[in-house]
1. Out of the residues in the stretch 119-144 that are open to solvent by 20 Å² or more (accessible area, probe 1.4 Å) and within 22 Å of VAL241 (Cα to Cα), state the one that is farthest from the ligand (Cβ to nearest atom).
2. Hey, can you tell me all the residues within the stretch 24-47 that are among the charged types (D, E, K, R), within 29 Å of the chain's Cα centre (by Cα) and not in a helix (DSSP H, G or I)?
3. From PRO133, PRO161, PRO137, grab the single residue that is farther than 30 Å from ARG208 by Cβ and either touching a residue at least 24 places away in the same chain (Cβ under 8 Å) or aromatic (Phe, Trp, Tyr) (or both).
4. Would you point out which residue out of GLU58, GLU75, GLU95 is of a type outside the set (Phe, Trp, Tyr), free of Cβ contacts under 8 Å to residues at least 24 places away in the same chain and under 25 Å from GLY204 (Cα atoms)?
5. What number of residues in the stretch 86-118 are on the phi > 0 side of the Ramachandran plot and within 10 Å of the ligand (Cβ to nearest atom)?
6. Restricting to the stretch 255-312, name every residue that is without any contact (Cβ under 8 Å) to a residue 12 or more places away in the chain and not small (Gly, Ala, Ser).
7. Might you check whether a residue that is at pLDDT 95 or above and touching a strand residue (DSSP E or B) at 6+ places or on another chain (Cβ under 6 Å) occurs anywhere in the stretch 171-183?
8. What tally of residues in the stretch 65-103 results from selecting those that are open to solvent by 20 Å² or more (accessible area, probe 1.4 Å) and within 25 Å of GLU21 (Cα to Cα)?
Amino acid sequence: MNETRRAVLDALADGPVSGPELAAALDISRNAVWKHVEALRTAGFEIESTSDGYLLGEVPEFGPAVEYGLDAPFEVEYHDSIGSTNDRARELAGENARDVVVLADEQIGGRGRLERAWVGPSGGIWMSFVLRPTIPPAHAPLLTLAAAVAVTRAAREAGVPAEIKWPNDVLVSEGRANENQSAQPPSEGRGGDKLCGILTEMEGEANRVSWVIVGTGINVNIAADDLPEGATSVQEVVGPVNRRVFAQRVVEEFHALRTDLDAVLPAWRELSATLGQQVRVETPEGDVVGEAIDIVTPGALVVDTDDGEVRVHAGDCDHLRPAN
Ligand code: BT5
């Protein structure tokens with residue numbers, strides 16, 4: 001959304017305001033005012049024409065409106081349907097863009113890690129941040145962790161008991177009440193149903209990042225039947241929510257963390273489902289099995305194995321059971 005359109009919206013929210021008043025205040029023509037109002041109506045904003053002027057009514061639940069009222073310096077590029085928001089974000093990064101969020105309602109060619117497919121029906125929040133941080137490439141994983149924290153916080157605000165599974169999943173916690181019942185076999189596997197996955201991609205030189213794309217896929221207002229096995233959604237846990245508010249909270253929390261990277265690991269530890277668990281991490285060098293005891297810069301999991309402590313930088317992680 002361009003600055004003038006945002007200014008028109010702000011004025012309408014404080015309205016009623018007449019076309020000529022708006023034109024004078026924003027130093028644009030009355031015809032330009034009319035065009036902005038029509039474009040906003042097309043984007044789903046309810047704008048009443050009263051005898052005292054225009055008045056903002058209902059703000060759309062999703063769409064370009066995500067930029068409206070957003071308390072973080074990101075431009076939002078919205079698509080009803082797209083192949084992959086990460087692919088579009090890469091294009092934008094190639095054109096020198098920064099601080100853009102590519103957002104879609106439906107994603108038909110979504111990607112996970114290792115070229116796995118990501119299912120993205122209408123009703124999700126599929127979004128990719130285009131960033132140009134001044135950090136060494138080795139620190140980019142901190143941005144993945146920051147996104148996981150941001151999504152988990154937004155989910156908890158919406159009433160969903162979300163937790164982070166190292167390295168890049170947000171899960172809905174399993175019923176912790178069962179943990180002490182001996183009749184219940186210890187859970188093995190993911191440790192809960194997957195609410196969100198994060199795919200971070202980067203371009204840079206040895207000590208300088210050129211761009212980082214952080215893609216977050218959040219299952220929001222989607223029925224479980226439309227998701228793969230082992231996945232869940234916000235809707236499944238608490239019913240449908242306002243996706244504009246949810247997406248804004250994620251972007252705002254993410255912005256707060258990317259500007260204060262020292263806060264990422266402490267926040268991550270607090271929301272982690274992985275620390276304190278017996279885990280098995282599949283890495284290219286083989287499986288690492290033991291208790292996950294900490295996370296250290298830039299996002300390595302510290303596993304206490306029979307052969308001592310091992311730091312794992314990447315891999316797929318299974319939770320075997322709580323360590324005690
Ligand atoms: C991830 O990969 O979890 C990263 C997913 C990132 C998706 C976002 S959406 C916005 C942006 N644009 C993109 O194109 N991608 C990003 P990974 O850890 O490899 O997990 C992939 C696995 O999750 C798949 O193999 C499926 O088993 C499962 N999966 C696929 N779609 C899912 C969904 N909607 N919810 C939960 N699990 C899903």
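The values are calculated or read from the model by the stated rules, or taken from the named source; none is laboratory data. Note that the structure is a prediction, hence the values are computed from the model and not measured. As a convention, Cβ positions derive from the backbone with ideal geometry for all residues, glycine included, and neighbour counts pool all protein chains shown. Side chains included, ligands, DNA and RNA excluded: accessible areas come from the protein's heavy atoms. Shrake-Rupley method; radii C 1.70, N 1.55, O 1.52, S 1.80 Å.
1. Of everything passing the filter in the stretch 119-144, SER122 is farthest from the ligand (Cβ to nearest atom).
2. The answer is GLU46, and nothing else.
3. Working: PRO133 fails: farther than 30 Å from ARG208 by Cβ; PRO137 fails: farther than 30 Å from ARG208 by Cβ.
Every option except PRO161 fails the conditions.
4. Working: GLU58 fails: under 25 Å from GLY204 (Cα atoms); GLU75 fails: free of Cβ contacts under 8 Å to residues at least 24 places away in the same chain.
Exactly one of GLU58, GLU75, GLU95 is of a type outside the set (Phe, Trp, Tyr), free of Cβ contacts under 8 Å to residues at least 24 places away in the same chain and under 25 Å from GLY204 (Cα atoms), namely GLU95.
5. Qualifying residue count for the region: 2.
6. Result: THR259, ASP260, ASP262, PRO266, GLU270, GLU285, ASP287, VAL302, ASP307.
7. Yes: the stretch 171-183 contains one or more residues that are at pLDDT 95 or above and touching a strand residue (DSSP E or B) at 6+ places or on another chain (Cβ under 6 Å).
8. Final tally of qualifying residues: 2.
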